[in-house]
1. Name the one entry in Arg491, Arg461, Arg471 that is assigned to a loop (DSSP other than H, G, I, E, B) and away from the ligand (no atom under 12 Å from the Cβ).
2. From the set of residues in region 305-343 that are hydroxyl-bearing (Ser, Thr, Tyr) and assigned to a loop (DSSP other than H, G, I, E, B), which is most open to solvent (accessible area, probe 1.4 Å)?
3. Just need a number here: residues in region 412-426 that are within 16 Å of the ligand (Cβ to nearest atom), part of a loop (DSSP other than H, G, I, E, B) and open to solvent by 30 Å² or more (accessible area, probe 1.4 Å).
4. Take the residues of region 372-404 that are among the hydroxyl-bearing types (Ser, Thr, Tyr) and more than 19 Å from the chain's Cα centre (by Cα): which is nearest to the ligand (Cβ to nearest atom)?
5. Quick check on region 440-456: of everything there that is among the small types (Gly, Ala, Ser) and in contact with a helix residue (DSSP H, G or I) (Cβ under 8 Å, 6 or more places away or on another chain), which residue is surrounded by the fewest Cβ atoms within 10 Å (Cβ to Cβ)?
6. All but one of (1) within 15 Å of the ligand (Cβ to nearest atom); (2) open to solvent by less than 10 Å² (accessible area, probe 1.4 Å); (3) over 21 Å from Gly336 (Cα atoms) hold for Pro407; which doesn't?
7. Could you name every one of the strands (runs of 3 or more DSSP E) located completely within region 29-108 that has at least 1 residues being in contact (Cβ under 8 Å) with a residue 40 or more places away in the chain?
Amino acid sequence: MEVRGVIFYLSERGKKLAENLKALLKEVQIFRLESGLISKNWQKDKILIFICASGIVVRKIAPFLKNKLEDPGVLVLNETGEYVIPLLGGHRAKANELAQKIADFLSAKAVVTTASDSLSFTPLDLWIKEKGLILKNPELLPGIMALFNQKGTLRVYREKSVKIPLFKGALEVGKVEEAEVIITNRIIGKPKKQLILIVPNLWLGVGFHENLEEAYLEEAVKKVFEEYQLEEKALKGVTTLDKKAKHQALLNFCVHKKLSLLSFSKEELEKVKALTPSEKVYEAVGLESVSEQAALLASKGALLIPKQVFSGLTIAVAEEDYQLRGKLYIVGTGPGAVDFLTLRALQVLREAEVIVGYQTYLKLLEPLFYNKEVYSFSMTEETERAKKAIEEALKGKKVALVSGGDPGIYGMSGLVLEILTFNRLSLDLEIIPGISALNACSALVGAPLMNDFAVISLSDRLTPWEEIEKRLRSLAQLDIPLVIYNPKSRRRSKQFSKALEILKTVRALDTVVAVVISAMRENQKIYLTTLRDLKEEWVDMHSTLIVGNSQSFFSGNWFITSRGYEKKYSEEYFLKL
Ligand code: SAH
């Protein structure tokens, strides 16, 4: 995290905590508390973190206090690292946000005392962030916020396409010149005093020849946006014909500029009337104008820039109505207990307004959700879960769709992406990886997956059993460890018997096996066994199996798959004790 500033400590214990924090705040310097150093670092773009009693801090900083706009952010932590108090600069210097990040990092509590909601005006910086608007001239923000603070109102101009409610205290004006805050997707000269907020609501429609290059596309877009005086930062996404959507230059452009990419079939595009039909395009792809038709379809709005023709490339831009912007997070929550969430997953679950998930996983994390809108579903309702999460995000909410383990491993990510593709929807989406059962289970038993290994699920709900059996036979013959997910369900146990039979015929009967049930949960259970001795009744729907290869063995109660170090380094292995 990029934070510039200083951590002050008083005791050795405080110093240790400061050093610990350095892993999170890489840029900060650490000093023993000294008034001279406070004075030297008393700058508005810095953060001063004190690890000592708050009384000491208040007395020490008192001589330097100026005002809300010029003072640095000040935070206090107690020496045991249980509490983080943002003392100054809660909003402007982002001390509140930082306190929460530190608290998440240390599993501490952030003691935030600014009650934004009870203030008579809205903290403008938070409103901007929440609504997904982009600051064109952030250097003006503190001044505009001070003005707002003073007057209690701000004059705001916004484009007609912006369909979000304005903040409390905003007075809407009809002319750009009269405004103190401008919400737009256009280039507005170089105003010295007006805060410009860019609305990302433009869709770029493109049609192109195979030889398109990224730099050429980038140049063309820049030129067109300049000519039509539109902000490039207002671009939300790029859209084209399905069969063009895999073009390397287009993919690079979208990934590098972090733009959505939405494509349509010829049949879908045909239904839209182009403004500037072209016979040449019609001959080539049977459409009037791919760029205009795609831009209109993606935006469901109006064309701002009609088709612009470059050599081998056409560009059109359309504007969509800017609605309240939601965000969907697909959060991998690991094997169960809160301790095995990533820091990012914890942050997102704290921030989310809506939580959607499978009841068993939600139960494990219940204490985190006490003040949220929670939608809990039973096991087989994955599609309903995904649809609910997408619908809530489209309403403008921050939604966390919880997926146990890692969401990309027999989890929810694929389903969500497929539903979005099927419905031709673009949504602000972030996938947060989690510790999968294979990571959790292998760590519990030792080092069974040290070399190549394979993963297979025995669930035949979506994959036919014949196919699973074929895959299992092939994998069993490769001499690599196998991780088996979904060995059984409440109604499905025959498949597991069959799988075991296959393994027993292909691999040696004394092959080592670990059965891990409910890893990192209260009722965790582990069996170390062999293919010969494994009892089917040990295994249930919360179990994962790790079947070793010819290099796997038990050392005491550790499961090791040798990677071959001992052959290479046998002498170096020797410890002189
Ligand atoms: N996305 C999940 C897997 C979901 S499929 C992940 O990445 O872990 C469900 C299967 O995962 C279960 O049948 C079981 O085989 C395995 N599994 C999930 N959590 C587990 C846990 N805590 N302990 C053991 N196995 C687990």
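1. Result of the check over Arg491, Arg461, Arg471: Arg491.
2. Ser311
3. Residues flagged as within 16 Å of the ligand (Cβ to nearest atom), part of a loop (DSSP other than H, G, I, E, B) and open to solvent by 30 Å² or more (accessible area, probe 1.4 Å) within region 412-426 amount to 0.
4. Looking at the filtered set, the residue picked out is Thr380.
5. Step by step, filter region 440-456, then rank; the result is Ala454.
6. If we test Pro407 against (1) within 15 Å of the ligand (Cβ to nearest atom); (2) open to solvent by less than 10 Å² (accessible area, probe 1.4 Å); (3) over 21 Å from Gly336 (Cα atoms), just (3) comes out false.
7. Answer list for region 29-108: 47-51, 73-77.
For (1) in contact with a helix residue (DSSP H, G or I) (Cβ under 6 Å, 6 or more places away or on another chain); (2) outside the structural domain of Ser260 (by TED's automatic domain parsing); (3) without any contact (Cβ under 8 Å) to a residue 40 or more places away in the chain, each residue gets a yes or a no:
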site: Tyr361; (1), (2), (3): no, yes, no
site: Leu368; (1), (2), (3): yes, yes, yes
site: Asn371; (1), (2), (3): no, yes, yes
site: Val374; (1), (2), (3): no, yes, yes
site: Lys387; (1), (2), (3): no, yes, yes
site: Gly404; (1), (2), (3): yes, yes, no
site: Gly411; (1), (2), (3): no, yes, no
site: Gly414; (1), (2), (3): no, yes, yes
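The values are calculated or read from the model by the stated rules, or taken from the named source; none is laboratory data. As the structure is a computational prediction, the values presented were derived from the model and not from experiment. Note that we place each Cβ from the backbone using ideal geometry, even for glycine, and neighbour counts take in every protein chain shown. All accessible areas refer to the heavy atoms of the entire protein, side chains included, with ligands and DNA or RNA removed. Shrake-Rupley method; radii C 1.70, N 1.55, O 1.52, S 1.80 Å.
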